[in-house]
Amino acid sequence: MAVEMAQAKAYPNGHLLWTPAQLKARLGEKNLALLDVRSTHQVMTGIIPGAAHLDLYGIGLTSTAGPLLDEFVNLMRSQFGLRGVGRDKTVVVYEERSGLRAGRAFWLLEYMGHTDVHVLDGGIVAWEAAGYELTREMTAPRPASLPLQARPETYIGADDLAARLRTKSVLPLDTRTDDEHYGRNTRGGPRGGTLPGAVHLEWERYLDAEGRFLPADKLLHLFESHGVTRDKPIVPF
């Protein structure tokens, strides 16, 4: 526990990542909203006690332009609220390890203006490795109110991004796979490739062999060695 806490504090925003021990100590609290964002077939094998399920990949957009994005965010706000995520709740999201699903849930809630959202570092794999139990019983969540206070500064649209790329005032960070970055996998789209001037660092490089985030000093070295530094506005995609 002491070692886990020390590692968390090494990050500038270490409170955003929770260790299994931190979550275990808070289970059962009324103001805790725990979200399992894995796929349905994974959830059937067991969940962390008290978790509600939300498969974020079951809902998507083909465009994030104006009204469509607003509709999507309002839909997701409703889905979160139905699973007990309220403005006054401490929210913890998890998946199999640390990954894209938890990251998407975290960003959506951050964009909606929630200020107390956390990711279980290492996900359910880390939870089990710590010796904590799973259950196949899912308690019906109590719906909560989640008023929207959007934070537009955490989002940039394609047109605005294109304009800023021309002036080189942002650094695009391509976190996708090698095949996506080099255009070998277009994921069903008409074109493949990446953004002009993008730095490519696949998201899995941020994790250790157990699926937890690397220590802060190793992450800092990884980013800085690729020119991703604090003096530049970064746009991950």
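The values are calculated or read from the model by the stated rules, or taken from the named source; none is laboratory data. Source: prediction; values computed, not measured. Using ideal geometry, Cβ is built from the backbone for each residue, glycine included, and neighbour counts are taken over all protein chains shown.
Summary table
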quantity	calculated
Total residues in region 77-87, condition assigned to a loop (DSSP other than H, G, I, E, B) and modelled with pLDDT of 95 or more	4
Subset of region 171-197 [out of contact with any Leu (no Cβ under 7 Å at 6 or more places or on another chain), in a loop (DSSP other than H, G, I, E, B) and surrounded by 13 or more Cβ atoms within 10 Å (Cβ to Cβ)]	R176, T177, Y182, N185, G192, G193, T194
Some residue of region 147-168 being of a type in the set (G, A, S), in contact with a Lys or Arg (Cβ under 9 Å, 6 or more places away or on another chain) and either exposed (fewer than 12 other Cβ atoms within 10 Å of the Cβ) or without any contact (Cβ under 8 Å) to a residue 12 or more places away in the chain (or both)	no
Of residues in region 70-102 being without any contact (Cβ under 8 Å) to a residue 40 or more places away in the chain and buried (at least 16 other Cβ atoms within 10 Å of the Cβ), the one nearest to G188 (Cα to Cα)	F72
Sole exception among (1) surrounded by 12 or more Cβ atoms within 10 Å (Cβ to Cβ); (2) out of contact with any Phe, Trp or Tyr (no Cβ under 7 Å at 6 or more places or on another chain); (3) farther than 24 Å from T154 by Cα for I48, by number	(2)
Matching residues in region 48-63 - criterion: being free of Cβ contacts under 8 Å to residues at least 60 places away in the same chain and assigned to a loop (DSSP other than H, G, I, E, B)	L54, D55, I59, G60, L61, T62, S63
